[in-house]
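To start, the structure under review is shown below, and the notes come after it.
The values are calculated or read from the model by the stated rules, or taken from the named source; none is laboratory data. The structure presented is a predicted model; accordingly, all values stated were derived computationally and were not measured. We place every Cβ from the backbone using ideal geometry, glycine too, and count neighbours over all the protein chains shown.
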Amino acid sequence: MSKLADAKREPFATHPTIGRCDAEATRVVHVGDVAFGGSEFVVIAGPCAVESREQIEDIARSMAKHHAKVLRGGAFKPRTNPHTFRGLGFEGVELLRRASVKSGLPFVTEVLSPADVGELGPRVDAFQVGARNMQNFALLDELGRQSKPVLLKRGFGATLSEWLHAAEYVAQGGNTEIILCERGIRSFGGETRFVLDLAGALWAKQHCVLPVVIDPSHATGDPALVAPLTRAAAAAGLDGVMVEVHPDPSVALSDGGQALMVDEFATLMSSLRLVCEAVERPLAS
Ligand code: PEP
Ligand code: MN
């Protein structure tokens, strides 16, 4: 085999479970009945954290109305400062479940500890692994034994290979239902919260069979940048996006500064639909 052919196969050799072999298609991963990596571009939306029954039911209703397909909301929050709101825990998961049933949207929520995985498994539609836990190998191993899908965020200090290796941890345990999420990496400068590595997200999509989405909310920390980056992701051929939306960002208990308001989200969806049509990858509806 030529050196070039070897190099082309290398990702497959390094990541035997998720590596892409030549022209292999992206694997379709389902969250509830929503398909990622198929013919449609998918939007996950909701608040950073579940704060109350009213808040999550209100936003879930709005997200369904404006054609988000999956609800997000954190109940176990990995906060940089432990003196800030750290989530409602299992009570928050129950609130998400109710909001999910009422709105008809399946939901994804973060799991912080391997000890919680078993209890959360039957309750959630998908597990989220946050950036700070991307290399929590005990957590990844535990998720590998589950049947629910895993949205695996890239650590903000992780290389692309480290990200794919983390996915490989989950996959080698038997759970290959994984969606990768690029949420920005550390660079210099503080004008944006992190730097969205759009090229890295595309590289990941080219080198493995998993669907890849981006999270422009955490990547930028700036609601004004969320819509254009979402449209860029759709135009570039990525599989979806996860955005933070809050009924009233000014009173949000976490990440209010980056959350879209509901009417901003509705505007984003209208412009996104046009881009999706232009690239013949319809917006899931
Ligand atoms: C989140 O999605 O709310 C979150 C904490 O994201 P990240 O792990 O990317 O910081
Ligand atoms: Mn957040």
Search the range 234-261 for residues that are closer than 16 Å to Ile179 by Cα and pair each with any residue that is part of a loop (DSSP other than H, G, I, E, B) and within 15 Å of ligand 2 (Cβ to nearest atom) when their beta-carbon atoms are under 7 Å apart and the residues are at least 6 apart or on different chains.
-> Met242/Asp215
Considering every residue within the range 72-91, establish whether at least one is closer than 30 Å to Tyr169 by Cα, part of a helix (DSSP H, G or I) and over 16 Å from the mean Cα position of the chain (by Cα).
-> yes
In the list Val251, Val241, which residue meets the criterion of being closer than 20 Å to Ser62 by Cα and either touching a helix residue (DSSP H, G or I) at 6+ places or on another chain (Cβ under 7 Å) or of a type in the set (Asp, Glu) (or both)?
-> Val241
Of the residues that sit in the range 215-244 and are farther than 20 Å from Asp263 by Cβ and in contact with a strand residue (DSSP E or B) (Cβ under 8 Å, 6 or more places away or on another chain), which one is nearest to ligand 1 (Cβ to nearest atom)?
-> His218
Which of (1) of a type outside the set (A, V, I, L, M, F, W, C); (2) away from ligand 2 (no atom under 15 Å from the Cβ); (3) closer than 28 Å to Arg53 by Cα does Arg231 not meet, given it meets every other one?
-> (3)
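This table checks each residue for (1) buried (at least 23 other Cβ atoms within 10 Å of the Cβ); (2) within 19 Å of the chain's Cα centre (by Cα).
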{"residue": "Glu182", "(1), (2)": "yes, yes"}
{"residue": "Phe194", "(1), (2)": "no, yes"}
{"residue": "Lys205", "(1), (2)": "no, yes"}
{"residue": "Gly240", "(1), (2)": "yes, yes"}
{"residue": "Leu253", "(1), (2)": "no, no"}
{"residue": "Val262", "(1), (2)": "no, no"}
{"residue": "Leu268", "(1), (2)": "yes, yes"}
{"residue": "Glu280", "(1), (2)": "no, no"}
{"residue": "Ser285", "(1), (2)": "no, yes"}
If we scan the range 190-210, do we find a residue that is modelled with pLDDT of 95 or more, touching a Phe, Trp or Tyr at 6+ places or on another chain (Cβ under 7 Å) and not hydrophobic (A, V, I, L, M, F, W, C)?
-> no
If we scan the range 119-133, do we find a residue that is away from ligand 1 (no atom under 13 Å from the Cβ), without any contact (Cβ under 8 Å) to a residue 12 or more places away in the chain and surrounded by fewer than 18 Cβ atoms within 10 Å (Cβ to Cβ)?
-> yes
List every residue pair whose Cβ atoms sit under 6 Å apart, with the two residues 6 or more apart in sequence or on different chains, where the first one lies in the range 56-73 and is within 16 Å of ligand 2 (Cβ to nearest atom) and the second, anywhere, is aromatic (Phe, Trp, Tyr) and not in a loop (DSSP other than H, G, I, E, B).
-> Leu71/Phe107
Inspect the range 258-274 for any residue being within 16 Å of ligand 2 (Cβ to nearest atom), touching a helix residue (DSSP H, G or I) at 6+ places or on another chain (Cβ under 8 Å) and within 15 Å of Ala131 (Cα to Cα) and give the result as yes or no.
-> no
